[in-house]
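K.L.:
The following block contains the structure, expressed as structure tokens.
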Amino acid sequence: MERTLIKNVGTLVTGDIGSPLAEADAILIEGSHISYVGMTGNLESSEYERVIDAAGMTLLPGLIDSHIHPAIGEYTPMQNMIGYIGSYLHGGTTTMISNGEVLLPGQPRGVDGLKALAIFAAQSYQNYRPSGVKVRGGTLLLREGFSEEDFAELSRLGVRRGKLLYEIKPEIGARYASWARNHDLKLLMHCGGTSVPGGLSTTPEQVLKIRPHVLAHLNGGPTAMPPEAINTLIDETRGMIELVLCGNPRAAIAIIAKVLREDQLERVILGTDTPTGSGIIPLGMWQLINLLTGFSDLKPEVAICLATGNTARFYGLGSGFIREGSAADLILADAPAGSAAPDTLGAIAAGDIPAIALVMIDGEIVVEGSRNSSPPKRRLKIER
Ligand SMILES: [Zn+2]
């Protein structure tokens, strides 16, 4: 098994909001997984197939975008573009989670077609990683007419999520929520004004009756619910609170301030809600992290945990952390050249988007020098 040592790490962000920073300057990767996190110590005397000298850069988990709308492979019909997922990879995103293949032209409306679409997307992205990125595709678009047998079949065939996006009677939505729980699916519910024709304009009453696992883009997608409605959903449900870049920024700041005050950070996950009408935003996860840290008391290392470990833990992804046993999906980042700040966390605090120097997925280097971020202050060295 190939072994990679990453040494001279300046700052290590764990992905775990319980302890976002680790006292460590090195990690060891064996094959596709992290096998050691700690001080270099006597690690250096051993022989490795690959040694990466991080030159004091920051090591953090690869970003997990909790909210994307894929269609097929790396083609997105709405902005008529191919290859966009590789661009997000160059921003440090290593996993993306579908919130429904809603952009597919001629999207089916009936139960059979919607099931087929979810199964197809789940399985095709299982078999194929666009540009190396782990896309969790296949989120069932829920309309009226599904049975519990449908949920059982979908679960058996690899579909892990259902999304309430279209108008639906709350009692049917509530039934779907209990079937989702019975068959190991997560139920995501659109929170906000209507985003697509026939789509939900969410009210707190609907959400409180349905009780989904995820309050999808609680800061709006792109239109936010009124502030009192948002507060009710935070207070009266236990659902995950998703914040997205392409939502309402004012609502995002109000939500993060409330969550910080009330010590509810473990419920927060971050996504871009792209590709959509808002476009394709390869550095979008960083823009969201910088928005939240720039306009609230959220610390940069904690914001990174919301974009990595929190999402991984909720969806059971096996990545999202820099710790023993986690998949080696990671980033080496730095302050961009010319930034007022000395390092990655300082850059975020100063409002600068970090420079991505290297990205690894399952222990393989997939980006060496990002085509999308600014160049780093430091220069890392790969000794093979
Ligand atoms: Zn969306």
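The values are calculated or read from the model by the stated rules, or taken from the named source; none is laboratory data. Keep in mind that what you see is a predicted model, and the values were worked out from it rather than measured. Every residue, glycine as well, gets a Cβ built from its backbone with ideal geometry; the counts of neighbours run over all protein chains shown.
K.L.:
Answer with yes or no whether residue 36 is more than 16 Å from the ligand (Cβ to nearest atom), part of a loop (DSSP other than H, G, I, E, B) and not small (Gly, Ala, Ser).
P.N.:
The answer is no for residue 36.
K.L.:
Ok, one more. Starting from the stretch 40-62, take each residue that is farther than 22 Å from residue 327 by Cβ and list its partners that are aromatic (Phe, Trp, Tyr) and at pLDDT 85 or above, counting only C-beta distances under 8 angstrom and pairs at least six apart or across chains.
P.N.:
That search, which allows pairs on different chains as well, returns nothing.
K.L.:
Continuing with this model, one more query. Could you tell me whether the stretch 324-345 includes any residue that is in contact with a helix residue (DSSP H, G or I) (Cβ under 9 Å, 6 or more places away or on another chain), over 30 Å from residue 137 (Cβ atoms) and free of Cβ contacts under 8 Å to residues at least 24 places away in the same chain?
P.N.:
Yes: one or more hits.
K.L.:
For the stretch 108-154, give me the residue count where each residue is of a type in the set (A, V, I, L, M), assigned to a helix (DSSP H, G or I) and closer than 22 Å to residue 329 by Cα.
P.N.:
The qualifying residues number 1.
Quick grid of which residues meet (1) at pLDDT 95 or above; (2) surrounded by 21 or more Cβ atoms within 10 Å (Cβ to Cβ); (3) under 20 Å from the mean Cα position of the chain (by Cα):
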site	(1), (2), (3)
128	yes, no, yes
134	yes, yes, yes
194	no, no, no
197	no, no, no
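K.L.:
Has the stretch 78-90 got at least one residue that is away from the ligand (no atom under 16 Å from the Cβ), in contact (Cβ under 8 Å) with a residue 60 or more places away in the chain and in a strand (DSSP E or B)?
P.N.:
Within the stretch 78-90 (the criterion being away from the ligand (no atom under 16 Å from the Cβ), in contact (Cβ under 8 Å) with a residue 60 or more places away in the chain and in a strand (DSSP E or B)), the answer is yes, since at least one residue qualifies.
K.L.:
Further question: Here is a check on your reading of the model: is residue 115 over 15 Å from residue 68 (Cα atoms), surrounded by 15 or more Cβ atoms within 10 Å (Cβ to Cβ) and free of Cβ contacts under 8 Å to residues at least 60 places away in the same chain?
P.N.:
Considered against the rule, which asks whether it is over 15 Å from residue 68 (Cα atoms), surrounded by 15 or more Cβ atoms within 10 Å (Cβ to Cβ) and free of Cβ contacts under 8 Å to residues at least 60 places away in the same chain, residue 115 comes out as yes.
K.L.:
Which residue, of 281, 289, is of a type in the set (A, V, I, L, M, F, W, C) and free of Cβ contacts under 8 Å to residues at least 40 places away in the same chain? Show your work before the answer.
P.N.:
Working: 289 fails: free of Cβ contacts under 8 Å to residues at least 40 places away in the same chain.
Selected residue: 281, the only one of 281, 289 that is of a type in the set (A, V, I, L, M, F, W, C) and free of Cβ contacts under 8 Å to residues at least 40 places away in the same chain.
K.L.:
Anything in the stretch 132-187 that is more than 16 Å from residue 115 (Cβ to Cβ) and touching a residue at least 60 places away in the same chain (Cβ under 8 Å)? List them, or say none.
P.N.:
Across the stretch 132-187, the qualifying residues are 132, 133, 134, 135, 136, 186.
K.L.:
Related question: Of 109, 143, 136, which residue is within 16 Å of the ligand (Cβ to nearest atom), among the charged types (D, E, K, R) and closer than 21 Å to residue 190 by Cβ?
P.N.:
After applying the criteria, what remains is 136.
K.L.:
Which residues, counting only those in the stretch 10-50, are surrounded by 18 or more Cβ atoms within 10 Å (Cβ to Cβ) and more than 28 Å from the chain's Cα centre (by Cα)?
P.N.:
48
K.L.:
Would you mention how many residues in the stretch 51-77 are in a strand (DSSP E or B) and surrounded by fewer than 22 Cβ atoms within 10 Å (Cβ to Cβ)? Walk me through how you get there before you give the answer.
P.N.:
Looking only at the stretch 51-77, we keep the residues that are in a strand (DSSP E or B), and these are 51-53, 58-61, 63-68, 72, 75-76.
Those still in the list that are surrounded by fewer than 22 Cβ atoms within 10 Å (Cβ to Cβ) too: 51, 53, 72, 75.
Of the residues in the stretch 51-77, 4 are in a strand (DSSP E or B) and surrounded by fewer than 22 Cβ atoms within 10 Å (Cβ to Cβ).
K.L.:
Return the residues of the stretch 68-77 that are away from the ligand (no atom under 15 Å from the Cβ) and among the aliphatic types (A, V, I, L, M); say none if nothing qualifies.
P.N.:
Within the stretch 68-77, just 72 meets the criteria.
K.L.:
Name the residue that is nearest to residue 322 (Cα to Cα), counting only residues in the stretch 94-125 that are touching a helix residue (DSSP H, G or I) at 6+ places or on another chain (Cβ under 8 Å) and of a type in the set (A, V, I, L, M, F, W, C).
P.N.:
96
K.L.:
Now for a different question. If I filter the stretch 222-256 down to residues being within 13 Å of the ligand (Cβ to nearest atom) and over 16 Å from the mean Cα position of the chain (by Cα), which single residue comes out as surrounded by the most Cβ atoms within 10 Å (Cβ to Cβ)?
P.N.:
Within the stretch 222-256, the match that is surrounded by the most Cβ atoms within 10 Å (Cβ to Cβ) is 222.
K.L.:
A further question on this structure: Being farther than 30 Å from residue 59 by Cβ, hydrophobic (A, V, I, L, M, F, W, C), within 16 Å of the ligand (Cβ to nearest atom) and modelled with pLDDT of 95 or more: is that true of residue 104 here?
P.N.:
It is false that residue 104 is farther than 30 Å from residue 59 by Cβ, hydrophobic (A, V, I, L, M, F, W, C), within 16 Å of the ligand (Cβ to nearest atom) and modelled with pLDDT of 95 or more.
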